[in-house]
Amino acid sequence: MEPIALTSLAAGGGCACKIPAGQLESAVAGLVGTADPNVLVGLDDGDDAAAVRLHDGLAVISTADFFTPMLNDPYDWGRVAAANALSDVYAMGGTPLTAINLVGWPDLPLDILREVLRGGMDVATQAGISVTGGHSITSPEPIYGMAVTGTVAEDKLMRNDAAAAGLPITLTKAIGVGIFNNKHKATGEVSAEAVESMTTLNDRAARLAVEAGVKAATDVTGFGLLGHLYKMCRASGVGAEIELDAVPEIPGAKQALAEGFVPGGSRRNLEWVRSHLDTTASEEDLVFLADAQTSGGLLIIGEVPGYPVIGRTVAGEPRIRIV
């Protein structure tokens, strides 16, 4: 069977195909859900997942994540999508329990779908859980992801609105995968470093963050480093200062950006946060910081051993200063 360029079958790929942050917030404005006192984290601040109290200080975490292909290799696409979905549980400080598949499939050979599902299952196995079901529909574009259920102790829960001023900001993965995915779609060239980053679980980083007593964290996905940091600052009522030179780059990402490989989602991210930035950084550097990540690292308010500190939170308005 001739290889099929899966990325050519979708307008956008990976988390770059998200509805733009500003448009999404307008659509869900005022929809804050239930007054159930057992809901510890719900719709209020756009957290990574929901957390609902079960009993004796234990909460269940529930999340779902899916997207169109960012890679032509179906197995790797499945791996990335599964790692990305599991990341929401890790970003809350939780432990995944089980996952179910979410599939939209056009008129493509089912052998390709099998490879996608195999990739997702292999990553779930790596995380120590089983894939226990799923749901599929026919759709114009190929879509794959997972709904994941996990648990977390209430006193270990990490969330968007718990950032305090005066703390280090840690980023656990280098950024630039959105740029490489855009280049892959245009040229077919694969960045092994980008694939490795996207398929790496955030379990270790989450465990170390919980052990360090971190209370505020999120993962960096479709809204980019700047977008997700701004959402945390806004929810927590603090500002942030980022050191541009301290932000880790997947090798070659800035060069690919200079060559013109920029996801539309990255430019939309920058336009959404631009009015909340204080900076003299170049436009290219700002696009890099706003790059739409897929299965990115954790953005942690606090210092975590073994990972780079890229700035600090500060008292004041929810603005981001880039130095």
Which condition does Lys185 not pass, out of (1) within 12 Å of the chain's Cα centre (by Cα); (2) of a type outside the set (Phe, Trp, Tyr); (3) closer than 20 Å to Gly12 by Cα, if it passes all the others? (1)
Note: among Gly296, Gly260, just one is under 30 Å from Arg79 (Cα atoms), of a type in the set (Gly, Ala, Ser) and touching an Asp or Glu at 6+ places or on another chain (Cβ under 9 Å), namely Gly296
Candidates Asn181, Asn202 - the one that is surrounded by 21 or more Cβ atoms within 10 Å (Cβ to Cβ), under 25 Å from Ala51 (Cα atoms) and in the same structural domain as Lys254 (by TED's automatic domain parsing): Asn202
Tally up the residues in segment 7-40 that are closer than 24 Å to Val220 by Cα, in contact with a helix residue (DSSP H, G or I) (Cβ under 8 Å, 6 or more places away or on another chain) and at pLDDT 70 or above, please. 5
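Which one of these is in the same structural domain as Gly166 (by TED's automatic domain parsing), within 17 Å of the chain's Cα centre (by Cα) and farther than 23 Å from Leu157 by Cβ: Ser282, Ser275, Ser266?
Exactly one of Ser282, Ser275, Ser266 is in the same structural domain as Gly166 (by TED's automatic domain parsing), within 17 Å of the chain's Cα centre (by Cα) and farther than 23 Å from Leu157 by Cβ, namely Ser266.
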Top-ranked residue in segment 190-235 [being acidic (Asp, Glu) and in contact with a helix residue (DSSP H, G or I) (Cβ under 6 Å, 6 or more places away or on another chain); ranked as farthest from Leu286 (Cα to Cα)]: Asp203
Here is a list: Asp76, Asp56, Asp44. Which entry is more than 23 Å from Asn160 (Cβ to Cβ), at pLDDT below 95 and surrounded by fewer than 24 Cβ atoms within 10 Å (Cβ to Cβ)? Asp56
Over segment 266-323, the set of residues surrounded by fewer than 22 Cβ atoms within 10 Å (Cβ to Cβ), outside any strand (DSSP E or B) and of a type in the set (Lys, Arg) is Arg267, Arg274, Arg319
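The values are calculated or read from the model by the stated rules, or taken from the named source; none is laboratory data. None of these values were measured; they are calculated from a predicted model. Cβ coordinates were reconstructed from backbone atoms using ideal geometry, including for glycine residues, and neighbour counts include every protein chain displayed.
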